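Here the structure comes first, spelled out in structure tokens, and everything after it is commentary.
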There are 2 protein chains.
Amino acid sequence: MKKVNRRTWLSGAATAAVAIAQTATAKAVQVGVPIDQLWADDPTKQPGGAPPGQVGTRSPFEKLVKNPSDISSRTPLQDLHGILTPSDLHFERHHNGVPAIDPAKHELLIHGMVDKPLVVTLADLKRFPSVSHIAFLECSGNFRTGKETLSPQDICGLTSQSEWTGVSLATLFREVGVRPGASWFLAEGGDAALMTRSIPVQKGWDDAIIAYAQNGEALRPEQGYPVRLFLPGWEGNTSVKWLRRIELGDAPWQTREETSKYTEAVGDGKIRQFSFDIDARSIITFPAYPAPVQRGWIEIRGLAWSGRGTIERVEISTDAGKSWQVATLQQPVLDKAHTRFRLLWHWNGDETEIMSRAVDSTGYVQPTYRQLLDARGGNSGYHMNPITAWQIKRDGRVLHRPEIR
Amino acid sequence: MKKVNRRTWLSGAATAAVAIAQTATAKAVQVGVPIDQLWADDPTKQPGGAPPGQVGTRSPFEKLVKNPSDISSRTPLQDLHGILTPSDLHFERHHNGVPAIDPAKHELLIHGMVDKPLVVTLADLKRFPSVSHIAFLECSGNFRTGKETLSPQDICGLTSQSEWTGVSLATLFREVGVRPGASWFLAEGGDAALMTRSIPVQKGWDDAIIAYAQNGEALRPEQGYPVRLFLPGWEGNTSVKWLRRIELGDAPWQTREETSKYTEAVGDGKIRQFSFDIDARSIITFPAYPAPVQRGWIEIRGLAWSGRGTIERVEISTDAGKSWQVATLQQPVLDKAHTRFRLLWHWNGDETEIMSRAVDSTGYVQPTYRQLLDARGGNSGYHMNPITAWQIKRDGRVLHRPEIR
């Protein structure tokens, strides 16, 4: 940021002309460059820039990547702004890769404890009344720690937010006539893993969506194209992608993904099963590794979310947890949605730690890592939502603080 | 949509097996195809689908295009759902193409009637307190009519919606110390057109954003990368892209784009200048040309928006304007934002006309085309927001109704 001396910056146009003339003179003297080539760096001297396109593009200067492993990829939270995730940067977690599905051939069967079993195509689904919900989707395994050089993407990049549009599952339940005794339904995906989860039928009546659109357009293939289940606020794997079958029944199916996987040891030999709700969580996305900071005013920014309702409050500590201040929440604060928080902080250059703590509309307070381990033991990596701290070093480096406190 | 006989559809898995076996038998008998090739159409038999990627992709089955001309391209409203526009489908309108700008070299000068003129880089801007606003952007020339074969994209595809993030211009005004007498500011773009507009300074204090992000990520080049002005609710050309200069003054500059362009003849030899606000408008996006409809229940869907506040109500007529019903608005209904409306309608197969009428929070009612022409004469194509009707033919064809009524 430069203060401008008004005598030299009389107007932008005049100044630009002066600057170009000076550059031209310098370069022309040196190498005899023709005058038009001297303007190569000035976009205002390039008439007829790129024309409008069939689809737009990302600037080649912007490198946004999800750093995929074999089974997942992560949203670069530290590089993003606001509350939405571009669809192509939505995290991925697959159980046997992304199937290539022709939407004209895809069918969804709804059967079991219903009066009228039904097969619906994508075209059928689009004829039903539709709903939209801006909400996050988070993988229950969304946590990493253990070293200082972890970014928000590394620590919790398995959460993303979109506007999901489709048919209320309740509408389809009424269409098929769900029988009174039905208390669970099975959702089955059309991928090679035949991903299956048992879901309490009440979630279907509450706010489940059979989604065919994300952020305005059709689902992306890696997000379940042409149709997925979307369960607002519930662990990601229950929002079964490439949905091809819903079966109503009176007990859970005890599938692989709810017995050997996606269960949590909670101590005393006990296992927590069907832990659907995503607990309230927050992460500071700036300052955060790997971007360094400068002394002075810093806007601390981050995301908070809860699967149980809205974010009521986010508190921020800039003194390693000794004192807390309330952050500003960007409006609108939506149900089961990423919420952007911000707090202005003056960093005096001393080494410190900053951290955020979310409180949701049920009164739940985001716990410390120590509290989580005390409550559950350390044998499960699912549903880990601890307060996450960043160390700010004197030289401006920002590092994850991996210690358990 | 098929009703299922439960005796044959005992379970999806069993049924799939039966279907595959039948197909296998039929094909094997015919051409001796090996069994594994018979599964080529079944995604659940293709282990190891596509792995997670650095960025996601759009399904090759989805053809979403903006049908560009030399100077503009249009959002395919009839193909989209919810309220958001994917960034690469945001409409474009350029005055001399899209410049290629290196963000490290881009500067924004703020000068004129200020105490401390300032040059800020993109990095500087990101250090200021930030704000986000989910809002539409509409070109003031967003209207076409005159023939039946026009889609929502053709008629009013020069409107799109994003979450914009950046610095409140008010914050920068305080930083530079805007002088009491300053009543206007000039915004200048860094494209070859040097696009310039004069804006009342009050808009800068109210809700103007110096935006560097759109839908979570950096602006796209065609949307002003690396930084644009964003004026919520105002005609699109005032949200100057590739912003490089803001000058404070005490009168409008009377630039080309506010004298020979973007002014409206309103009859009696009078010209309307500085008509910034986008008036309330709505369009039914389904049913709409070119997709035909089927007899029976139809969910009428569309978008409504107003540059003056929120959408209060959308009324729909399915009998050519004789009677009106109130549509359901998808929550949340946001300020100066596209709002999705829906109404269930049972079409009995008779020829008819359907249309929507928006009412905003100021009480303004979307006018008919006749009312607009009576008020302004027919010499301008700017700020045309008439009620738009679709003819439904007996055979299910849906056509634009171009007549002036």
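Some points to look at:
- Neighbouring partner chain Cβ atoms per residue of A:134-142, average, 10 Å criterion: 1
- On full extension, the segment bounded by A:Gln325 and A:Arg272 gains 15.7 nm, given 0.36 nm per residue less the C-alpha separation.
- Distance (nanometres) between label positions extended 7 Å along Cα→Cβ at B:Ala265 and B:Val55: 4.5
- Between copies, A:Lys270 shows label-point distances of 7.7 nm, shortest first, with the point placed 7 angstrom from Cα along Cα to C-beta.
- If R0 equals 41 Å, the separation of the Cβ atoms of A:His346 and A:Asp102 corresponds to a calculated FRET efficiency of about 0.10.
- Reciprocal of mean inverse Cα separation for region A:77-189 (Kirkwood radius, Å): 17.3
- Among B:Pro221, B:Pro386, B:Pro43, residue whose mean-square fluctuation peaks in a GNM of chain B (springs only between Cα atoms under 10 Å): B:Pro43
- Here the Debye sum runs over all C-alpha atoms of region A:50-102 as equal scatterers in vacuum, and log10 of I(q)/I(0) at q = 0.12 Å⁻¹ comes out as -0.40.
- The fraction of Cα-Cα pairs per 5 angstrom bin, counted from 0 for region A:214-348, comes to 2, 8, 12, 15, 14, 14, 13, 10, 7, 4, 1, 0, 0 percent, rounded to whole percents.
- Listed residues A:Ala251, A:Ala193, A:Ala50, most fluctuating in chain A (Gaussian network, C-alpha, under 10 Å): A:Ala50
- Descending semi-axes in Å of region A:281-400, equivalent ellipsoid built from Cα gyration tensor: 24, 18, 11
- Taking every alpha-carbon pair in region B:161-230 and binning the separations at 5 Å intervals from zero gives 4, 16, 25, 22, 20, 10, 3, 0 percent.
- Length-normalised contact order for chain B - Cα pairs under 8 Å, 6+ apart - percent: 15
- Across the identical copies, how the A:Arg394 labels are spaced - nm, sorted shortest first, 7 Å along Cα→Cβ: 8.9
- Farthest towards the positive end of the charge dipole of chain A, among the residues A:Gly56, A:Leu372, A:Ala213, is the Cα of A:Gly56, using unit charges on the Cβ of Lys, Arg, Asp and Glu.
- Over 30 Å between alpha carbons, listed pairs A:Lys322/B:Lys336; A:Lys2/A:Lys45; B:Lys105/B:Lys203; A:Lys241/B:Lys3: A:Lys322/B:Lys336
- Spacing of the two label points (7 Å from each Cα toward its C-beta) at A:Glu148 and B:Ala170, in nm: 4.1
- Looking down the axis that turns chain A into chain B, the chain A residue with its beta carbon nearest that axis, and the gap rounded to whole angstrom, comes out as A:Pro332, 3.
- Diffusion coefficient (Stokes-Einstein, Kirkwood radius over C-alpha pairs, 25 °C, 0.890 mPa s) for region A:77-272: 141 µm²/s, rounded to a whole number.
- Averaging Cα coordinates gives a centre for region B:329-389 and one for region A:244-302; these two points are 43 Å apart.
- From least to most packed, judged by other beta carbons within 10 angstrom and beginning with the fewest, A:Asp350, A:Asp41 follow the order A:Asp350, A:Asp41.
- Helical content of chain B, expressed as a calculated mean residue ellipticity at 222 nm, amounts to -3500 deg cm²/dmol (DSSP H runs of 4 or more residues, -39,500 (n - 2.57) each, divided by residue number, nearest 500).
- FRET efficiency, 1/(1 + (r/R0)^6) with R0 25 Å, evaluated for A:Val65 and A:Asn379 via beta carbons: 0.15
- Averaged over the residues of peptide B:217-226, the number of Cβ atoms from other protein chains lying within 10 Å of each residue's Cβ is 6.
- 7 Å along Cα→Cβ, label-point gaps from A:Lys105 to other copies, nm, shortest first: 5.0
- Here the translational diffusion coefficient of the protein assembly as shown follows from Stokes-Einstein with Rh set to the Kirkwood radius across Cα pairs; for 25 °C and 0.890 mPa s it amounts to 86 µm²/s.
- When the alpha carbon gyration tensor of region A:270-317 is reduced to an equivalent ellipsoid, its three semi-axes come out at 31, 14, 8 angstrom, largest first.
- For peptide A:87-98, the mean count of partner chain Cβ atoms within 10 Å of a residue's Cβ comes to 5.
- Sorted largest first, the spans of the alpha carbon positions of chain A along the three principal axes are 86, 54, 36 Å.
- Across the options B:Leu344, B:Ile134, B:Asn237, the greatest Cα extent toward the positive end of the charge dipole of chain B (unit charges at beta carbon of Lys, Arg, Asp, Glu) belongs to B:Leu344.
- The ratio of the alpha-carbon radius of gyration of region A:237-297 to the globular-protein estimate 2.2 N^0.38 Å is 1.88.
- Take the Cα of A:Arg394, go 7 Å toward its beta carbon, and the backbone nitrogen atoms of region A:336-366 under 11 Å from that spot belong to A:350-351.
No value in this document is a laboratory result; all are computed from the given coordinates. Since the model is a prediction, treat every value here as computed from it, not as a measurement. No Cβ is skipped: glycine too gets one built from the backbone with ideal geometry, and neighbour counts run over all protein chains shown.
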